[in-house]
Every structure is written in C-alpha cells, then in structure tokens.
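Before any comments, here is the structure.
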Amino acid sequence: MTDNFQNLINPDWAKHGYIQVYTGDGKGKTTASLGLAMRALGRLWKVLIIMFTKGGNDYGELNSFRNLSPEISKNLTIVQAGLDRIVYSDNKCEDDTKEIKKGWELAKNAIKNDEYNLIILDEANIAIDLGLIDVEEAVETLKNKPEDMEIVLTGRNAHPKIVELAHLVSKITPVKHYWDKGISARKGIEY
C-alpha cells in the first residue's frame, strides 16, 4: 500500500502511538524493545527507557547507548529503577520497592507531561506481577497517555488487564535454550 493511499484513509496514521507488550518465558523481550529504541533514536525521537528491577552497569546495551553520537544521545534518557540483582517474589525487599516506585513516579510524570515520543518500561510486567507497581494505577496511566506517544512494557507474566489494554502483544515462548544444558549467561549475548 502506498503512503498516499494510506494517507487518504487515515491522514494521521503515522502519528498515533500505541501500547506494546513483550512478554512470555522466552529470551528476547528487552532486546526487542531496545531494538525499537534504536530505530526510534535513528529517527531522532525522544526516548525514555526505565529499567525496572535492573541496576548496575554491566549491561552491553548500556555500553552501546553510552557511545551513541551526540546528536542521537541527546534524545535518550535511561533510568535504572532497581538494585544490582534480579528480583523474585522470594527476595524482594524494601529497597526494591523504593527504587521501583521512584522509577514508576518518573514514568507517570513523563507520560503525563508528554515529554517523550517513546517510553520503554523494561520489566514493568515483573514489577506489576510482584505488586511493586499497582496494576490499576498502571492501567489508568496507560489509558491516559498522550495520543501520539508509544509505550512498551516488557517482562514475564504480563497482567491480563495490561494485555487487554495493549494494542500489540508479543508472547515470546522458549522452544529450546542452551541454559537448559547448564550454560551460564554470556557477556555480549545475555547481558
């Protein structure tokens, strides 16, 4: 379909923003969202990435983002809203709650103030699943997002209310993984 024909049907089709969810037990949810961030940055969009449940500096993607050209990097904000470890239901603590709530407040304000073209809420599904972000508040915030803002939520166990609200949901399902044979996470591939 040509752009001219599409513009006759809906002249603002390219300006509408959607809610995307990348969930499931398979590998690649964060990677997919960060690929989308790179695509948006290549079009000089303003991008906010909030990494819930993830702290520390030992992520290859953070190294890459730090080395972007000045023209592109001025449009990127990355916030780590988590401690330097993986959060599970049996190890979450008050410090996790504080970090995630700070990140969530930042996300809500950025959405409300229409500060970015694309907001990636990395591992937000996990934070919601663990009760660290209230699902009802998340739904309300997403429902009231600016019309042309794109928002992506990643992480396992996407809440049914988030899935229902989203315009695009990809469930990444593992078929086979070398971790099942005892191979550890590898620098440059998993982090």
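The values are calculated or read from the model by the stated rules, or taken from the named source; none is laboratory data. The structure displayed is predicted, hence computed values, not measured ones. Cβ placement follows ideal geometry from the backbone for every residue including glycine, while neighbour counts extend to all protein chains displayed.
Contact annotation: residue pairs with Cβ atoms under 7 Å, 6 or more positions apart or on different chains, pairing a residue in segment 27-40 that is closer than 16 Å to residue 75 by Cβ with a partner that is among the charged types (D, E, K, R) and surrounded by 15 or more Cβ atoms within 10 Å (Cβ to Cβ), are 34/61. You will find that of 34, 62, the residue that is outside any loop (DSSP other than H, G, I, E, B), touching an Asp or Glu at 6+ places or on another chain (Cβ under 6 Å) and modelled with pLDDT of 80 or more is 34 and no other.
Kindly provide the set of residues from segment 76-92 that are of a type in the set (A, V, I, L, M) and part of a loop (DSSP other than H, G, I, E, B), ordered by number. Working first, answer last.
Initial filter on segment 76-92 (of a type in the set (A, V, I, L, M)): 76, 78-79, 81, 83, 86-87.
Scanning segment 76-92 gives 83, 86, 87.
Considering every residue within segment 133-151, establish whether at least one is closer than 16 Å to residue 26 by Cβ, touching a helix residue (DSSP H, G or I) at 6+ places or on another chain (Cβ under 6 Å), in a loop (DSSP other than H, G, I, E, B) and in contact (Cβ under 8 Å) with a residue 12 or more places away in the chain. No, there is no match, as no residue in segment 133-151 is closer than 16 Å to residue 26 by Cβ, touching a helix residue (DSSP H, G or I) at 6+ places or on another chain (Cβ under 6 Å), in a loop (DSSP other than H, G, I, E, B) and in contact (Cβ under 8 Å) with a residue 12 or more places away in the chain.
Only one of 133, 119, 86, 128 is out of contact with any strand residue (DSSP E or B) (no Cβ under 9 Å at 6 or more places or on another chain) and of a type in the set (A, V, I, L, M, F, W, C); which?
Working: 133 fails: out of contact with any strand residue (DSSP E or B) (no Cβ under 9 Å at 6 or more places or on another chain); 119 fails: out of contact with any strand residue (DSSP E or B) (no Cβ under 9 Å at 6 or more places or on another chain); 128 fails: out of contact with any strand residue (DSSP E or B) (no Cβ under 9 Å at 6 or more places or on another chain).
Every option except 86 fails the conditions.
Say we look at segment 152-191 and pick out the residues that are of a type in the set (Val, Ile, Thr) and in a loop (DSSP other than H, G, I, E, B); which of these is farthest from residue 113 (Cα to Cα)? Steps first, please.
In the first step, residues of segment 152-191 are kept if they are of a type in the set (Val, Ile, Thr); the result is 152, 154, 162-163, 169, 172-173, 175, 183, 189.
Narrowing the set further to residues that are in a loop (DSSP other than H, G, I, E, B) leaves 172-173, 175, 183, 189.
Details: 172: 32, 173: 35, 175: 41, 183: 44, 189: 35 Å.
Out of the qualifying residues, it is 183.
Restricted to segment 152-191, and to residues that are in contact (Cβ under 8 Å) with a residue 40 or more places away in the chain and of a type in the set (S, T, N, Q), which residue is surrounded by the most Cβ atoms within 10 Å (Cβ to Cβ)? Step by step, filter segment 152-191, then rank; the result is 154. When residues in segment 95-132 are screened for being in a helix (DSSP H, G or I), under 11 Å from residue 53 (Cα atoms) and in contact (Cβ under 8 Å) with a residue 40 or more places away in the chain, 8 of them pass.
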